[in-house]
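One structure is given below, encoded as C-alpha cells.
The values are calculated or read from the model by the stated rules, or taken from the named source; none is laboratory data. Every value quoted in this text rests on a predicted model; they were computed, and no experiment measured them. Quick reminder, even Gly has a Cβ in these numbers, built from the backbone with ideal geometry, and neighbours come from all protein chains shown.
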Protein chains: 4
Amino acid sequence: MTPITAEEFQELARHGVPYVGQLGCVVERFAAGDVLVRLPYSDLLQRPGGTICGPALMALADITLYGLVMSLLGRVELAVTTSLTVHFLTRPAPQDVLAEGRILKLGRRLAVGEVLMRSDGSPEPICQVTGTYAIPPDPGLK
Amino acid sequence: MTPITAEEFQELARHGVPYVGQLGCVVERFAAGDVLVRLPYSDLLQRPGGTICGPALMALADITLYGLVMSLLGRVELAVTTSLTVHFLTRPAPQDVLAEGRILKLGRRLAVGEVLMRSDGSPEPICQVTGTYAIPPDPGLK
Amino acid sequence: MTPITAEEFQELARHGVPYVGQLGCVVERFAAGDVLVRLPYSDLLQRPGGTICGPALMALADITLYGLVMSLLGRVELAVTTSLTVHFLTRPAPQDVLAEGRILKLGRRLAVGEVLMRSDGSPEPICQVTGTYAIPPDPGLK
Amino acid sequence: MTPITAEEFQELARHGVPYVGQLGCVVERFAAGDVLVRLPYSDLLQRPGGTICGPALMALADITLYGLVMSLLGRVELAVTTSLTVHFLTRPAPQDVLAEGRILKLGRRLAVGEVLMRSDGSPEPICQVTGTYAIPPDPGLK
C-alpha cells in the first residue's frame with residue numbers, strides 16, 4: 001500500500017472535492033484507525049437559530065470516515081462510501097466542531113467506521129454517524 | 001398551519017442556509033407529500049472521476065425531506081432532522097440530479113420520509129435516503 | 001447460478017434457521033427482484049398492547065431481503081446481510097403482516113434492497129426497511 | 001418516575017414478549033445509562049455455518065436499548081422503538097453474546113442509544129446498533 005500522511009490527507013480533504021474543500025477542515029490527528037478532524041466555524045455553516053446546518057456535519061462525517069479508511073489502508077482513492085447513517089443529537093453551538101473517527105470493522109471488502117462529533121470545549125455529543133466503505137477488489141495490499 | 005408555496009420553499013432552500021443554498025436547487029413539484037427537487041450540475045459538485053460528491057447528494061436529500069414535511073405541515077421551521085440513512089447505489093453521471101420525496105409516516109411528533117434520486121434522463125436510482133423529522137410539540141395545527 | 005424456486009426458498013426460510021423458521025413465513029410471490037412474504041399472526045408475536053413485537057418484524061425483513069437476493073442470484077447461501085435500517089412507522093394490528101421487497105441495487109459485490117410492510121387488508125405501511133447484502137466474490141455467475 | 005430494578009427488567013425481557021423471551025437473556029449490569037445483557041448460546045440461535053442468526057442479534061439489540069431507556073427513565077412501558085440501524089461486523093462464534101448499551105442522547109421526546117456486541121471471551125465487536133426511542137409525551141417525570 002501507499003501510505004498517506006496527515007498533511008497529504010488534509011490536502012485531499014481541502015482540494016479533492018470543492019463542495020467539501022470549502023469547509024476548510026483541519027486534520028488534527030491521523031494515526032492508524034484513529035482520526036480527529038476539526039470543522040472551523042464560519043458563516044457558510046449557519047442555519048437559522050444560530051446553529052450549524054446538518055449537511056455541513058454530514059460532509060464532515062464523510063471526510064472523517066474517508067480519512068479513517070486511508071489511515072489504515074493508505075491511498076485507496078477508489079474506496080467509496082456505500083452507506084451512512086446520521087443521528088443528529090443536539091443543536092450544535094456556533095463553534096468549531098470536532099469529529100473523532102474509530103474503526104468498527106476492517107475487512108477485505110468492507111470497512112465500517114463510526115464518527116462522534118462534539119462542539120469544541122464541550123464533551124456532549126452533537127452528532128453520531130456510522131458509515132460503510134467498499135474497498136476496491138485488489139488494492140495491492142500485502 | 002401557515003401553508004407554504006413551491007416558490008416560498010425554493011426561496012428558503014436557496015437562502016435559509018448558505019451551505020445548501022449555493023447548490024441552487026430548483027423545486028420542480030411541490031404537492032402535499034409529493035416533492036421533486038432538481039440539483040443542477042456544476043463544478044462545485046465534482047468529485048475525482050467525473051462524478052458528484054456524496055455530501056452534495058446528502059444536502060439534496062435533506063432539503064427534499066424538509067420540503068416534504070413543509071408540503072404537509074406548512075411552515076414548521078422548527079422541525080428538525082433527527083436521523084438520516086443514505087445508500088449510495090451507483091456513481092452519478094456529471095448531470096443534474098432529480099430527487100423525489102414521498103412520505104412514509106406523518107405522526108403528530110415524528111415524520112418519516114424517503115427520497116429516491118436519479119440522474120436526469122435515466123431511470124436508474126443513484127441514491128436512496130430515509131429520514132426522520134421531529135415536529136415541534138405545539139405547531140398550532142388545527 | 002443455481003436457480004431457486006418459491007417452494008425451495010420457503011423451505012429454507014422455515015428450516016434453515018430455527019429462530020426465524022418458527023415464524024412459519026409463507027412465500028406468496030417469488031419473481032426475480034419482486035418478493036412477497038406473509039408473516040402469519042400468532043401468539044408468539046404478541047407484545048403488550050395487542051400488537052406485534054419489533055424483533056418479529058425485523059426477522060421478517062431479513063428473510064424477505066434474503067429471498068430478494070436469491071430471486072435474482074439463485075442459491076447464494078453465503079450472501080450475508082451487512083446492514084439493516086428499520087423504521088417502525090405505526091403499531092401493527094394483531095393480524096398477518098405482508099412484506100414486499102424490491103431491489104434498489106444489484107452490483108457484483110453488494111446488493112441493496114427495500115422492504116415495505118403492511119397489515120393484511122390495510123394499505124398503510126407499518127414498517128420500512130433497507131438492507132445491504134455482501135455477495136460472495138466468486139458466486140459462479142455466468 | 002417509577003424506578004425499575006435489574007431483576008424487574010429481566011422479568012420483563014423474559015416474559016413481556018414471547019418471541020424475545022424465549023432467548024432467555026440475562027441482565028448482567030443495569031446502572032443508569034449503562035446496561036449489559038447476555039444472550040446465552042442455544043440451538044435456537046443457530047444459522048448454517050455454526051454461527052448465530054442475525055434476527056437473534058437484532059432482538060438482543062432491541063431488548064438492550066429498551067433496558068437502557070428504562071435504566072434512565074424508569075418503567076416507561078409506552079416508550080417505542082422508532083428506528084434501528086444494525087451493522088453486522090463479523091460472524092459471531094457459537095457462544096454467548098454480550099451486548100453493552102450506552103446512551104447518546106436523552107431528550108424529553110427522543111432517546112438515542114448505541115449497542116456494541118461481542119462474543120463472550122473476545123474483545124472484537126461482532127455487531128453495532130444505533131436505535132431511537134420515542135418517549136411518551138407525559139411520562140410523569142419530575
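Has the stretch A:58-81 got any residue that is modelled with pLDDT under 95 and touching a Cys at 6+ places or on another chain (Cβ under 8 Å)? Taking every residue of the stretch A:58-81 in turn, none turns out to be modelled with pLDDT under 95 and touching a Cys at 6+ places or on another chain (Cβ under 8 Å). Hey, does the stretch B:111-134 have a residue that's closer than 19 Å to residue D:82 by Cβ and surrounded by fewer than 19 Cβ atoms within 10 Å (Cβ to Cβ)? There is no residue in the stretch B:111-134 that is closer than 19 Å to residue D:82 by Cβ and surrounded by fewer than 19 Cβ atoms within 10 Å (Cβ to Cβ).
Which condition does residue A:122 not pass, out of (1) under 27 Å from residue D:90 (Cα atoms); (2) more than 9 Å from chain D (Cβ to nearest Cβ); (3) not charged (D, E, K, R), if it passes all the others? For residue A:122, the failing item is (1).
If the condition is being within 23 Å of residue A:44 (Cα to Cα) and surrounded by fewer than 19 Cβ atoms within 10 Å (Cβ to Cβ), then the stretch A:21-30 contributes A:21, A:22, A:24, A:26, A:28.
Please go through the stretch B:94-103 and pick out each residue that is in a strand (DSSP E or B) and either more than 11 Å from chain C (Cβ to nearest Cβ) or touching a Phe, Trp or Tyr at 6+ places or on another chain (Cβ under 7 Å) (or both).
Going through the stretch B:94-103, the residues in a strand (DSSP E or B) turn out to be B:97-103.
Result: B:97, B:98, B:99, B:100, B:101.
For the stretch D:65-79, the count of residues that are surrounded by fewer than 20 Cβ atoms within 10 Å (Cβ to Cβ), in contact with a Pro (Cβ under 8 Å, 6 or more places away or on another chain) and more than 14 Å from chain C (Cβ to nearest Cβ) is at least one. In the stretch D:1-20, the residues that are charged (D, E, K, R) form Cβ pairs under 7 Å with partners that are part of a helix (DSSP H, G or I), at six or more places apart or across chains, as follows: D:14/D:21. Filtered by the rule that a residue be touching a Phe, Trp or Tyr at 6+ places or on another chain (Cβ under 8 Å), touching a residue at least 24 places away in the same chain (Cβ under 8 Å), within 23 Å of residue C:132 (Cα to Cα) and of a type in the set (A, V, I, L, M, F, W, C), the stretch B:47-83 gives B:52, B:56, B:57, B:59, B:65.
Could you tell me whether the stretch A:3-20 includes any residue that is at the interface with another protein chain (Cβ under 7 Å from one of its Cβ atoms), crowded, with 21+ Cβ neighbours inside 10 Å and of a type in the set (A, V, I, L, M, F, W, C)?
Yes - at least one qualifying residue is present in the stretch A:3-20.
Quick one: in the stretch C:132-142, of everything that is outside any loop (DSSP other than H, G, I, E, B) and more than 9 Å from chain B (Cβ to nearest Cβ), which residue is nearest to the chain's Cα centre (by Cα)? Filtering first and then ranking leaves C:133. Could you please let me know if residue D:54 is away from every other protein chain (no Cβ under 12 Å) and either under 13 Å from the mean Cα position of the chain (by Cα) or under 29 Å from residue C:64 (Cβ atoms) (or both)? Taking the combined requirement at face value, the residue does not satisfy it. Does residue A:91 satisfy being in a loop (DSSP other than H, G, I, E, B) and out of contact with any His (no Cβ under 9 Å at 6 or more places or on another chain)? It is true that residue A:91 is in a loop (DSSP other than H, G, I, E, B) and out of contact with any His (no Cβ under 9 Å at 6 or more places or on another chain).
Inside the stretch A:104-131, residues that are over 19 Å from residue A:40 (Cβ atoms), part of a strand (DSSP E or B), touching a residue at least 12 places away in the same chain (Cβ under 8 Å) and over 12 Å from the mean Cα position of the chain (by Cα) make up a count of 6.
Count of the stretch A:28-51 residues, restricted to those that are among the aliphatic types (A, V, I, L, M), more than 9 Å from every other protein chain (Cβ to nearest Cβ) and within 29 Å of residue B:80 (Cα to Cα), is 4. Given (1) within 13 Å of chain B (Cβ to nearest Cβ); (2) surrounded by fewer than 23 Cβ atoms within 10 Å (Cβ to Cβ); (3) under 15 Å from the mean Cα position of the chain (by Cα); (4) of a type in the set (Val, Ile, Thr), identify the lone condition not met by residue C:90. It fails just one condition, (3). For the stretch C:8-21, the condition of being more than 15 Å from the chain's Cα centre (by Cα) and among the hydroxyl-bearing types (Ser, Thr, Tyr) holds for none of the residues.
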